[in-house]
Every structure is written in C-alpha cells, then in structure tokens.
Amino acid sequence: MQEKRNFLQELNEEQTVAVLNTDGPTLVVAGAGSGKTKVLTSRLAYIVKEKKAWPNQILCVTFTNKAAKEMRDRVIKILGEKLNSLSWLGTFHSISVKFLRRHAEALGFKSNFTILDVDDQKKLIRNICKAENIDAKKISPQFIIALIDRWKNKGLLPDDVKLSKKHIFENQILKVYKIYQKKIKDLNACDFGDLILYCVKLFEKNHDIRSIYSNNFKYILVDEYQDTNFIQNKWLNLIVNENKNICCVGDDDQSIYSWRGAEIKNFLSFDKVYPDCKIFRLEQNYRSTKNILDTASYLISHNKDRLGKKLWSDGQKGDLVKLNCYRNGKEEAQGVGDIIEQNIKKKNSLNNIAILVRAIYQTREFEERFLKIGVNYRIIGGTKFYERAEVKDAICYLRVINQKFDDLAFERIVNTPRRGLGETTIKQLHEYSSKSNLCLEDSVRKLIELDKFKPKIKAAIKHLLDFLTKWRADLKTNKHYDLLKIILDESGYSEMLKNKKDLENENRLENLKELLRAMRDYDNLQGFLEHVALATSIDQKWEDERVNIMTIHAAKGLEFDVVFLPGWEEGLFPHQKSLEEKGDFALEEERRLAYVGITRAKKEAHISFAMQRAYHGEWMDSLPSRFVNEIPEDSVEKNEDPIREVPDDFDFNQDQSFESDEEYRSPGWARLKKKLIK
C-alpha cells in the first residue's frame, strides 16, 4: 500500500480524480504541460496495482514507439517490477500487426506476411504506372501513395471508392490502387495503411474474433486522442467492451495534423458516442510562466470548436511575452540573433533556445544570420537550407556557369531534369575524361564530335551544352539572380516541379524562391558561391550545443526555456493557402498551431512580425497576423512606442499600400500606425 500511496501522492487533485475514476468511458482533456503522460501511466499502474485487471487485459495505444517505451518504463518504475506481460502497450500499427498475425487466414493472408516500406511501395507503384502507360513524371509514386493512404485512412478499399467520371485524375489513381492492392495481396504483404484497415475489416466481418478481444480488454487507454483519424477511431470503437471502459487522453487545442488525416471531431464528439462519459480537465500547467499561459489561453479562446479549458500555474508570473515589429525578414533575423547573443552572455544553453517557424523556407534568413555572427544551430525535422536537394541542384547549375571544370556540379546537373542518360553513359563520360585528361563538359563536347552517343542522348546533351554557352553569355548582361530564373525556366527544372504532382514540390518551389531572394544580398555570382561554400564548410565544424530551428508542427511535445515565434503575418500565419482551401476550419487549426507554439516556452516567448516580407523573390508589404490582435495587452510587452489594436472591422484581404517612400521607411510601430490608422 505504501508504493501505491507514493505514486498517487505525486499527483495534483485533478490528476488524482482522473486516475481513480477507472470505470466507464472517460475523456481527459489535458492542457499543454499539465502532466498528460503522468496521468495515463499512473492510471495504468493503478489498475494493475488494485488488481482491477491483469496487465495483458489492458490495451494501451500510443502514436509513437518512443511514447510507448516511455510509458512502459514509467509503469515499471511505479510498480517496481518488470512487466513482460504488458504485451498490449504499443502503437496502433504494432498492435494491429499482432491481431493480423494471429488471424491472417481470415483475411486471405498467411501469418508470415511482409510489411512493405515506402521504398517497396514506390517501386511497385512505378512498375504499375509503367505497365498502365501512366506518366510517373507527372504523377509521382509518392503522390499516388499519399492518396491511397488517404483512402485507407477513410476505411476505403478500392471497391469502396466512389468517384464521378469528371474526376479524371483521381480515377487514374484509383485504377492504380486496384492493381496495387491485388499485387500486394499476391505477394502476401501489407503496407502501413493496410494494418489498421484490415483489422477493422477483420472485426466487422468476424464477430467471434472481435468478441475475443473486446472480452479480453477490460480497460482501453488511448494517448493523443485528438490526433486519431477515422479508421483509428473506428478500430478503437470496435473493440471496446460492454462496460465501455475506454479512457482517451488528449488536447483538442493541440489538434494540428488534419493534413495528415487527423479528425478533431473524434475528440469533440466523444461524449456523443459515449453519452455516459466522464470528462476531466487537467488545467494546471507545470511548464510555463503565468504570462505565457495567459497569452496562449486568451488566444485559443477565440476558437469555437473546442471543449474549453483555461491553463493556470501556481508558479511565477514571469516575463511579459515580447511582441516585436521589424521592417523586414532580414532585420527580424538580426533582432532574434541579438537577443540570443544576450542569452549567451547570461550563460544560457543554446540547447534551451528554439525558433519555431510556420513554413520551412523561413529558416534561411536565420541560418544566414547565425552563420554571420557565429551562433551554432540545428534544423530539427528538416534539412539545412543549402543542403536541400533543389537548392543544391540550382547552385550546381550556377557553379558550372561560373567555371566549366567543376565536374562534381556538372555530373549533378547533366541528367537533372532527366535527359535520358543512364549509368552506362555517365560511366562512359568518366572513362573518357580520365583517359583524355579533360573535364566532363569538354569530354562531352569531344564525344559529340566523335559521334559516340545514340541520337536521342546526343540531342539531349547538345541541347544542355548550347544552353550552358548561352547562360554564360547571359551572365554578362544579367544580374546573377535573374540568370538563375532563366536557368530554372530554360533547363526545364521549374516545369518539372510545377507539373509533377508531388506533395513536396510546393515546398521545393518556395525554397527556390527563397534562394533567389538570398542571391540579391550579394554583388555577383562569385561572391554568392563563396558564401555558400563557406557556410557549408563552417557548419560541419560546429559542436553539439546549438539553437534549435524547426516548424511549429515539429515542435509539438517539446519544450524550451526561450522560444521565438517569427513571421506572424497575414498570409504566412495564418497560412493563406490553408485558409483558401478550408476556410474557418483551417483558421481554427492555424490558431491551435499558434497556441502550440506559445506553450512550448517555459520562461520567455518572443513573437515577431515584419512589415515587409520577400515572396517570389520580390518584396511585398505585409500585415501583422490577426493572432497578434488576439493576445491580451496586459501579458505582452511591445518593442517600440504603443500602437492601437488592429480595428475589428479591418479587412485583412484589402490591398494596403504606402503613400510615400518616407512612410515606407518609417520605423516599425510608427509605420504600422500610419498603415492602419487613417
């Protein structure tokens, strides 16, 4: 009894009530930093300790293997014993594999079925596209896999998908889906989407099998319930026992993954599915200061689709949230860099500092600034700007223009975009280059003279060589950044990205636009290429302690002493494309994203926006995000003279312009004042 008292004594009153009320449907609405994992693990340990169920009668579902391991370790620590029998604690996918291995025959599989990885899927899709004369250059295998996965997340096998004839594009992919699904079944294989979908089909068609598990699982515990999609929620509901002992823990205010299939309505309608459910709210935050919590709570209160809660803390009030206005993105990066340098002087660890951006291309200006002032950084959940494939491709074109002896750059661009050159041709180039002691470009020219290529390859390579000659001439009469625009268009690189249906291509295009913007800061091509080379060289020598840079999406579940939230401007945050596609639903998700960003901060939060931002390589006037007007005055400190709030009836979509260059150059807040207050 002493051990039981000890772990329960570590809980606050709200947490204790949520742990002890074990029977019947339960929804735990857990605010950011309120001890969600602690409650879930304590509840599991309490059920075992009180002998309400054996460990193998508890199903505990998480979203990641890391979360599952953390829960297992915590339960073992609480109970002071090894729990090898806690066999039903894991992710949706890992538990589904156990179900399917046991009952594969009921679905027409053998129990030793293979689980395909993404590379396996891509290879199979490419083969199907080739056989069906579908151009994989226009519809990428990655895009096809994503759409198939979306259908599976909705519980739809090929025969369940209903499309009208006008959906020509989707009908093409549906045709691939039908062939793909038959082939993987012939291979005795499943992909990740199948694992949950086939479990649902198994339970729907075999009530005896379903009964085995619903009777066995006396308690079901679910972590991060707000992130479940349609098929995961259906999976859960099918195996709930007649006592409906299901406890779901999560935070509707942190539901930010609709683009990945998550459906917040699962969380919001839980009490409709289970009318007798008990709802417990965890509102005491153990992470952030009161000012940070007040800012986040007031902002999220503007959302309508939420169960409602207000975070509070008995800790310090802390520093006010800093709201900074800058003239442009470059000055924003400089300002953030200055503040971070001040933190270094205070001997704060760089590892406790994070910059959270809405769009990945925003990282570039911060990377440039940190390289200049010698502040180490890491990109989490992404690749450093100058290491991104499309950026390296573009720079290699420029390197070859700059000097033809750059064989590494030439080899990268000679078949990018694809020009029909295979490994044999590349090997032929290297062999001739080595034998003749010529660079690759000169070797190609010589081999064309000697008529050593097949006609199709010869025409493609000659086309590239003619462009190289032209671009070198263009450099004499054009700015280096204008030349890159010409290269991307005439090489077919831009067309390749625009025409190919690929979920990542929009980001690739944004990165190339940001590269064009970066080039404007240098007087000539040579200077820019030197900067890139030095940047990557310096980066490799950095030590481990670094500022963390990532998107807000990637930061969920993390916490830092100091958090910077740049780019709070209309069109960027909330993101214009999201608003255009999903309207008010997207606006609420964007606001939840802002809430997640603010609540990552433990001690300091710095929100900033710029009066000008570079889009498509051009400077555009920008307005502060509507979220700036939705944070409370008394918890915020503005960096310059006071400013009136944006009026409630202000039209964020209206085109705003400045009356004069003098007004355009005026300092941040004063400029904003002139812009909004007529």
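The values are calculated or read from the model by the stated rules, or taken from the named source; none is laboratory data. For clarity, every value in this text was computed on a predicted model and none was experimentally measured. Positions of Cβ are backbone-derived with ideal geometry, glycine not excepted, and every protein chain shown enters the neighbour counts. What goes into the accessible areas is simple: the full protein's heavy atoms, side chains included, and nothing from ligands, DNA or RNA. Shrake-Rupley method; radii C 1.70, N 1.55, O 1.52, S 1.80 Å.
Some notes on this structure:
- Take each peptide in 316-324, 107-115, 301-309, count the other Cβ atoms within 10 Å of every residue, and average; sorted highest first, the result is 316-324, 301-309, 107-115.
- Modelled spin-label separation between T114 and E504, with each label point placed 7 Å from Cα along the Cα-to-Cβ direction: 2.3 nm.
- Accessible carbon and sulfur surface of region 345-446 relative to its total accessible area, %, 1.4 Å: 46 percent
- Accessible area (Å², 1.4 Å probe, nearest 10) - V176: 0 Å²
- On Cα atoms only, tilt of 118-131 relative to the major axis of the chain in degrees: 60 degrees
- Computed from label points 7 Å out along Cα-Cβ, the spacing between E580 and N328 is 2.5 nm.
- Relative contact order (percent, whole number), the chain, Cα cutoff 8 Å, 6+ residue spacing: 17 percent
- Counting only DSSP beta bridges with both residues in the chain, the antiparallel share comes to about 10 percent.
- Each helix, a run of at least 4 DSSP H residues, gives -39500 (n - 2.57); summed and divided by the residues of the chain, these come to -15500 deg cm²/dmol at 222 nm.
- Taking 7 Å steps out from each Cα toward its Cβ at E495 and H207 produces label points 6.1 nm apart.
- Sorting 445-455, 379-389 by average packing, meaning the other beta carbons within 10 Å per residue, from highest down gives 379-389, 445-455.
- Each Cα pair of region 226-313 feeds into the Kirkwood radius, which the Stokes-Einstein equation turns, at 4 °C and 1.567 mPa s, into a diffusion coefficient of 89 µm²/s.
- Using the Cβ-Cβ distance between E10 and A389 with R0 set to 41 Å, the FRET efficiency from 1/(1 + (r/R0)^6) comes to roughly 0.30.
- Of the peptides 123-130, 353-360, 569-576, the ranking by mean beta-carbon count within 10 Å, highest at the top, reads 353-360, 569-576, 123-130.
- Unsatisfied cross-links (Cα-Cα over 30 Å) in the set K154/K556; K130/K265; K69/K183; K137/K452; K345/K577: K130/K265; K69/K183; K345/K577
- Å² of accessible area per residue within region 1-100, as computed with a 1.4 Å probe and no ligands counted: 43 Å²
- Accessible area per residue in Å² at 1.4 Å probe, computed on region 216-357: 41 Å²
- Percent carbon-and-sulfur accessible area, region 34-155, ignoring ligands, DNA and RNA, probe 1.4 Å: 49 percent
- Across region 82-179, the mean sequence separation of Cα contacts (distance under 8 Å, 6 or more residues apart), normalised by length, yields a relative contact order of 17 percent.
- Per-selection metrics, region 336-428 (Cα): Rg and Dmax in Å: 18.7, 59
- Residue (of A189, L447, G33) at the positive-pole extreme of the chain, dipole from beta-carbon charges: A189
- Only protein heavy atoms count here; on that basis, with a 1.4 Å probe, F280 has an accessible area of about 30 Å².
- Cβ charges +1 (Lys, Arg) and -1 (Asp, Glu), total dipole of region 558-620, debye: 220 debye
- Förster radius 30 Å - calculated FRET efficiency between D521 and N639 (Cβ-Cβ, nearest 0.05): 0.80
- What you get for region 22-118, charging only the Cβ of Lys and Arg (+1) and of Asp and Glu (-1), is a dipole of about 220 debye around the Cα centre.
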